[in-house]
Amino acid sequence: MKTPSFKQRFQYWFDNFMSLGTGALIGGLAVVSLIIIFIAAAAIRIGSLRMDGETPPSFGEAAWMSLMRTLDAGTMGGDTGPGIRLVMLLVTLGGIFIVSTLIGILSNGLESRIDQLRKGRSVVLERDHTLILGWTPQVFNIVLELVLANESRRSGAIIVILADQDKVEMEDAIKERIPDTKNTRVICRSGSPIDLTDLEIASPHSARSIIILPEGSDPDTHVIKSVLAITNNPGRREQPYHIVTQIRDPKNIDVVKMVGTRDVIQPILTNDLIARVVAQTSRQSGLSIVYTELMNFGGDEIYFKHEAALTGKAYGDALLAFDSSTVMGIRKADGTLLMSPDMKTRIESGDWLFALAEDDDKVHTSGFAHYPIQESLIRKVSQGKRAKPERALILGWNRSGSTIIRELDHYVAKGSQITVVSDIYNLDKKIRLESGRLKNQKVTVQEGDIRDRDLLEKLQAAEYDHVIVLAYSHLEPQEADAITLVTLLHLRDIAERDETPFSIVSEMLDLRNRELAEAARVDDFIVSEHLISLMMAQLSENAELMDIFTDIFDPEGAEIYLKPVEDYVVIGQKVNFYTVVEAARRRGETAIGYRILSESHEADKSYGVHTNPRKSGMVTFSQEDKVIVIAEG
């Protein structure tokens, strides 16, 4: 091998030095400057050079003169004497080179730093923050809900988002959709949630809760990898992590929980949840709005409260004890959750009530010795009507369809029928495999375009009790919602021409399209991603709510129903909510609100849904209005 020359060695050393970065280059320039200054000072001192009429300067004074000429070329304008002028000219020329190089280095270094900041690769030095991993349309709803939840925090709050996206683009998108984040600061960082190195950028080990959004063609696998990256991280903390996420396939629920046995991991089974909401709402218009009211931070939320004054009393007594909050059930000392239990259930010393309230400090007893119940306005308890077979029409299809059919089978009477119309080939075979054995209903499948008016007329949509319009999940959200909107307009036109009422329930993928859909005056909407986002935000703030939400959506046990108000109290007269609660209590039910049908198309009035009304407040009901109760059936 040929021995490298001095020139080659110097070039190699210089290349390595230049690659060391801005700090090393500035240090190198400083060394060169000192060398020039000291050589010039030595030349002036040794040669006894001086300005005209002055004594030769000392070494220190000569060094200072050289430094000034290095930094400012104009300084040498007052120099006199040939020797001084020559030396200072050379120093000034060196200074011009050094200063111009320094400016270039600083400019490049600053530009490089800005580019680095734009990449979002700096480590987040925060504690007690909410960490969101991933970037999907759900992120905007979640951030908005967390902003509302954090309004009461005096010190403010931090939300950190780590996603495989451009940092600036993420920040711009959030500012566009959520211009006012109030006292919450949103920090975005670029990186992969499943990469251990990238994950450290977002400081997951100091976060109070972590939300993982499903991404990619196989979202469940992405979620599992993200959970593993946190829980099995070599630098993990001793305290358990609180992780909220979503899972599509029920088979993966146990896998997610298994990889984090030391931690609090709360996976939401999205398809199952939305299917249950659709199934229940198709038979009870307004139910999805009730669920939305229960899970958003814009109004009342669910709080746990230990009320010593109620120890030893029955659950039914607790329903009337609060004026500005609404009791929903009991959490026993052993953790067992009782949603609207038997009215005679005793409240023991270690039990906690959970209730709807504007804030946790609003959950307190009224102190009334006697409750203003209007006895004369309470209807007598009558025997329930025998359920009749129902006919349901499902237009469109997605992965929740089979679960909806199974869920409906829990509620409908024997002999009921479901007709499914979709443009998906060979759907009948898929439904038979996924829906399982049905006890109460028969399913008929027909292929066709749900936007076709002639098809809808031939189906005689007005003859069905319930019509469900599902969004096609294999299409882009906007395209799927466009198909849904056209179908809804046709259905509403058919409904207006027919005297027989039938409910129309639709699933929307994008919350922004709901305003467009309101033109069709549909009875109810389920915005699937929005509802899931609300639930994730609630759980990230309070992990204890998971058991309550699970119980609410479970077809077994107590559920939320909207029942005719005329079955409870006299209509057309002013009545307070104490009286409504008492009427429901005598039926073994927990009343949590009511729905005014005349307000069902007014968004600013929550589409007529009023949860947790003040019990002493007065209201006049009409025949179409409903009471919202938690009951067995």
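The values are calculated or read from the model by the stated rules, or taken from the named source; none is laboratory data. These numbers come from a predicted model, not from an experiment. Neighbour counts are summed over all protein chains in view; Cβ atoms, including those assigned to glycine, are modelled from backbone coordinates with ideal geometry.
For this structure, a couple of remarks:
- Lone qualifier among ALA413, ALA461 - being small (Gly, Ala, Ser), over 20 Å from ASP272 (Cα atoms) and either in contact with a Gly (Cβ under 6 Å, 6 or more places away or on another chain) or crowded, with 21+ Cβ neighbours inside 10 Å (or both): ALA461
- Considering only residues in region 231-274 that are touching an Asp or Glu at 6+ places or on another chain (Cβ under 6 Å) and hydroxyl-bearing (Ser, Thr, Tyr), the one that is nearest to MET295 (Cα to Cα) turns out to be TYR241.
- Exclusive hit being hydroxyl-bearing (Ser, Thr, Tyr), closer than 24 Å to GLU358 by Cα and at pLDDT 90 or above, set SER600, SER606, SER533, SER622: SER533
- Filtering region 233-265 to residues that are part of a helix (DSSP H, G or I) and either of a type outside the set (A, V, I, L, M, F, W, C) or surrounded by 20 or more Cβ atoms within 10 Å (Cβ to Cβ) (or both) leaves PRO250, LYS251, ASN252, ASP254, VAL256, LYS257.
- Test for ILE268: is it β-branched (Val, Ile, Thr), part of a loop (DSSP other than H, G, I, E, B) and either surrounded by 21 or more Cβ atoms within 10 Å (Cβ to Cβ) or in contact with a helix residue (DSSP H, G or I) (Cβ under 8 Å, 6 or more places away or on another chain) (or both): no
Condition check ((1) more than 22 Å from VAL505 (Cα to Cα); (2) modelled with pLDDT of 90 or more) across all residues:
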{"residue": "ILE404", "(1), (2)": "no, yes"}
{"residue": "TYR411", "(1), (2)": "no, no"}
{"residue": "GLN417", "(1), (2)": "no, yes"}
{"residue": "VAL420", "(1), (2)": "no, yes"}
{"residue": "LYS430", "(1), (2)": "yes, no"}
{"residue": "LEU433", "(1), (2)": "yes, no"}
{"residue": "ARG437", "(1), (2)": "yes, no"}
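Residues are listed down the side, and each one gets a yes or a no for (1) of a type in the set (S, T, N, Q); (2) out of contact with any Gly (no Cβ under 6 Å at 6 or more places or on another chain); (3) in contact (Cβ under 8 Å) with a residue 12 or more places away in the chain:
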site	(1), (2), (3)
THR326	yes, yes, yes
GLY329	no, yes, yes
ALA333	no, no, yes
LYS344	no, yes, yes
GLU348	no, yes, yes
ASP359	no, yes, yes
LYS362	no, yes, yes
ALA369	no, yes, no
SER382	yes, yes, yes
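- Test: residue in region 329-341 that is of a type in the set (Val, Ile, Thr) and assigned to a strand (DSSP E or B): yes
- Flag if GLU544 is free of Cβ contacts under 8 Å to residues at least 60 places away in the same chain and surrounded by fewer than 19 Cβ atoms within 10 Å (Cβ to Cβ): no
- Of the listed requirements (1) at pLDDT below 90; (2) not in a loop (DSSP other than H, G, I, E, B), LEU456 misses just one: (1).
Conditions tested, residue by residue: (1) touching a Cys at 6+ places or on another chain (Cβ under 6 Å); (2) crowded, with 19+ Cβ neighbours inside 10 Å; (3) of a type outside the set (Lys, Arg).
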{"residue": "ASN398", "(1), (2), (3)": "no, yes, yes"}
{"residue": "GLY401", "(1), (2), (3)": "no, yes, yes"}
{"residue": "ARG437", "(1), (2), (3)": "no, no, no"}
{"residue": "ASN440", "(1), (2), (3)": "no, no, yes"}
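- For LEU597, the conditions (1) surrounded by 22 or more Cβ atoms within 10 Å (Cβ to Cβ); (2) more than 22 Å from TYR315 (Cβ to Cβ); (3) not small (Gly, Ala, Ser) all hold with the exception of (1).
- In the set (1) surrounded by fewer than 14 Cβ atoms within 10 Å (Cβ to Cβ); (2) within 36 Å of the chain's Cα centre (by Cα), SER503 fails one condition alone, (1).
- Scanning region 547-586 for residues that are part of a loop (DSSP other than H, G, I, E, B), out of contact with any helix residue (DSSP H, G or I) (no Cβ under 6 Å at 6 or more places or on another chain) and surrounded by 18 or more Cβ atoms within 10 Å (Cβ to Cβ) gives a single hit, ALA558.
- Restricting the first member to region 154-165 and to residues that are in contact (Cβ under 8 Å) with a residue 60 or more places away in the chain, and the second to residues that are in a loop (DSSP other than H, G, I, E, B) and crowded, with 18+ Cβ neighbours inside 10 Å, no beta-carbon pair is closer than 6 Å while six or more apart or on different chains.
- Failed item in (1) within 19 Å of the chain's Cα centre (by Cα); (2) under 25 Å from PRO193 (Cβ atoms); (3) acidic (Asp, Glu), with ASP249 passing the rest: (1)
- Scanning region 371-380 finds one or more residues that are of a type in the set (Phe, Trp, Tyr) and in contact with a helix residue (DSSP H, G or I) (Cβ under 6 Å, 6 or more places away or on another chain).
- When region 506-524 is filtered for residues that are at pLDDT 70 or above, of a type outside the set (S, T, N, Q) and buried (at least 20 other Cβ atoms within 10 Å of the Cβ), the ones remaining, listed by number, are GLU507, MET508, LEU509.
- Residue check for GLY316: modelled with pLDDT of 90 or more, assigned to a loop (DSSP other than H, G, I, E, B) and not assigned by TED's automatic domain parsing to the domain that holds PHE502: no
- Only listed residue being modelled with pLDDT under 75 and in contact with an Asp or Glu (Cβ under 7 Å, 6 or more places away or on another chain), chosen from GLY81, GLY109, GLY21: GLY81
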